[in-house]
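The values are calculated or read from the model by the stated rules, or taken from the named source; none is laboratory data. Just so you know, these numbers come straight off a predicted model, no measurement behind them. Counting neighbours? That spans all protein chains shown, and the Cβs are built from the backbone with ideal geometry, glycine included. Ligands, DNA and RNA are stripped out before the accessible areas are found, and what is left, the full protein with its side chains, is counted by its heavy atoms. Shrake-Rupley method; radii C 1.70, N 1.55, O 1.52, S 1.80 Å.
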Amino acid sequence: MVVPMHSQSSRQIPGKKKAENPHYTKDIRYTLQMCGWFLKPMGLWSIVYHSPSTWEKIASVILFPCGVIVMLFCILPPGRYMIFGVKDMVARVRLGGMVGTCVAGSIKYVYLGLRGTSFGNCIKQVERGWKAVVDPSYRAIMLRQVSTSRNLIRASAAILYTGGAFLHILLPVIAKVTSKGNVTVKPAIFLGYDFLLDSEFSYAPDLITVIQSMGAFMKYSITTCAYSLTTIFVTHIVGQIQIQISRLNDYVNNRRVKDHDLIGTIIRDHVDILRFAKNMQESFYEICLVQLTESTLIICFLAYCLMLDWEDGITINTSSVTHSMLLLSFIFNLFIFCYVGEMLSEQCSQIGPTAYNIEWYNLPPKQARNLIMLCTISLYPPKLTGGKMIQFCMMTFSSVMQTSVVYLNLLRTLSEW
């Protein structure tokens, strides 16, 4: 449900047009720009955005079904081969990591498409929040948060795509070519496609490599899409909370604010922010749960593969570098998800201590009593959770890393049987 937000400056006077941010168009474009870069190639932009262009709608109709087909092509043959064609535990684990990331990416991809309206409503609330930011100092607060979100998205995407490039581009290029008689044989990087390799189609290996590369680009882009949406919404909420804290301080210090009912306006705006946070939480429950499960298992698989490289006496080669980069990317992405969740809860709980620490005893008794509402609400800050069960915070990051180590030891024990 979409909930309108109040003005960030004062209550609207009947018959007078509400003041709006004159830089709104530029600000909202700057806020959503990087998110659009990842959503548009996936065909998701017109699904989550409420006013796409005609070409963007046409692109979504074409790209989304094609994306689903590509992801299925990357899941079904390797999955069948992993279950029925591989008997060795080590080989099954190596293949299971790739199949697992594709399955998780497909689930997030379909979910983003099916719940596009919910994400679109959150984007509308972000736009309304920007329209209401009239004061230049409050706008500066919001821009700082947008800059933080863009930096986090850049870092996450750079590490994730770098690790994927090693696996899906570098390894096929430098794979050793062997000769059997007069036949040149290049080892298969992606297993499970015997029905194409055994055919008379000579370009089958290259075709498989291209489609697998497309699937890799998609699964990394899907992860970045989900992460960028989460980061943009959380940093927007954090910026709105910081504005409320600034307005509280300005009111008590009597520097700029002349609205005698500002306390009531702050409470109403804070309730709207919490409703936005609730809408965001409900939109990301499933995605966060899939992300948490994927990170736990894939970190375990990648660490296991890296340990196998070390046990073979190989310290630095293409395989170990690839596994190290992918392991780093998954750990970093999990860390950023947990960091964003921690930031959401921590910042939303700060307004209560701020309301208590200001000189409330200098306020009229009626207005001072209204601060009790802020103090009470801040005791129950919104949380970014996976499936309404596990909160994303730094403690969760530590727990996931410990769980991955436990699974790693279990894998090593099973492989020795």
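Each of the peptides 302-308, 86-92, 43-49 was scored by the mean count of other Cβ atoms within 10 Å over its residues; in descending order, highest first, they stand as 43-49, 302-308, 86-92. For segment 66-155, the solvent-accessible area of protein heavy atoms averages 41 Å² per residue (probe radius 1.4 Å; ligands and nucleic acids excluded).
Among 263-269, 224-230, sorting by the average number of other beta carbon atoms lying within 10 angstrom of each residue, highest first, gives 224-230, 263-269.
Considering only Met71, Val86, Tyr111, the residue lying farthest towards the positive end of the dipole of segment 27-118 is Val86, judged by Cα position with unit charges set on Cβ. Ranked by the mean number of other Cβ atoms within 10 Å per residue, highest first, peptides 344-356, 372-384 order as 344-356, 372-384. For the pair Leu379 and Lys26, label points projected 7 Å from Cα toward Cβ lie 4.5 nm apart.
The number of Lys pairs in segment 17-156 with C-alpha atoms less than 29 Å apart, excluding pairs fewer than 8 positions apart on the same chain, is 18.
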